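Below is one structure, written out as structure tokens; comments come after it.
Since every read-out is calculated from the coordinates, none of them should be taken as a lab result. None of the values given here were measured: they were computed from a predicted structure. Reconstructed Cβ throughout: ideal geometry from the backbone, glycine too, with neighbour counts over all protein chains shown.
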Amino acid sequence: MAMGLFGCAPIAPSLAVDLRLLQFVKTLFVCLTPNTTAWCEALAVFLQERGYGLTTQDNLRRRFSNTYQWYIVLVMHNKELVSGIINASSSRHEHETSDGEEEEGGAHEDAKDR
């Protein structure tokens, strides 16, 4: 991850995909029907045309699908974590604000009584 790559397995991954490419695929799949098989076939042809030989296309599809799945899990978990922090901070701020208003209201009433 520090190098901007996301592996297909947590230990000794045989494929690492650039995080920017995963973000692109995520964006693409919002606009199109998600289809990692077609994506991997296109990627395999693209790589073969540039001299990168792949042993099997299914192997790439399986590893890329695994990488993409766990990338999406990470993105969703990150969004939930950030939302939780924001909600907790917002709730704490609202609580502090309402406590401050109650104290000010009480001080004004005391001054009127005098």
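Among the residues of the stretch 1-34, the ones that are closer than 16 Å to Arg62 by Cα, surrounded by 12 or more Cβ atoms within 10 Å (Cβ to Cβ) and of a type outside the set (Val, Ile, Thr) come to 9 in all. Out of all the residues in the stretch 53-74, is one or more surrounded by 10 or more Cβ atoms within 10 Å (Cβ to Cβ) and outside any helix (DSSP H, G or I)? Yes, the stretch 53-74 contains a residue that is surrounded by 10 or more Cβ atoms within 10 Å (Cβ to Cβ) and outside any helix (DSSP H, G or I).
The set of residues from the stretch 30-51 being within 23 Å of the chain's Cα centre (by Cα) and farther than 14 Å from Phe64 by Cα comprises Val30, Cys31, Leu32, Thr33. Scan the stretch 1-29 for residues that are more than 10 Å from Thr67 (Cβ to Cβ) and either touching a Leu at 6+ places or on another chain (Cβ under 9 Å) or of a type in the set (Asp, Glu) (or both) and jot them down. The answer is Met1, Gly4, Asp18, Leu19.
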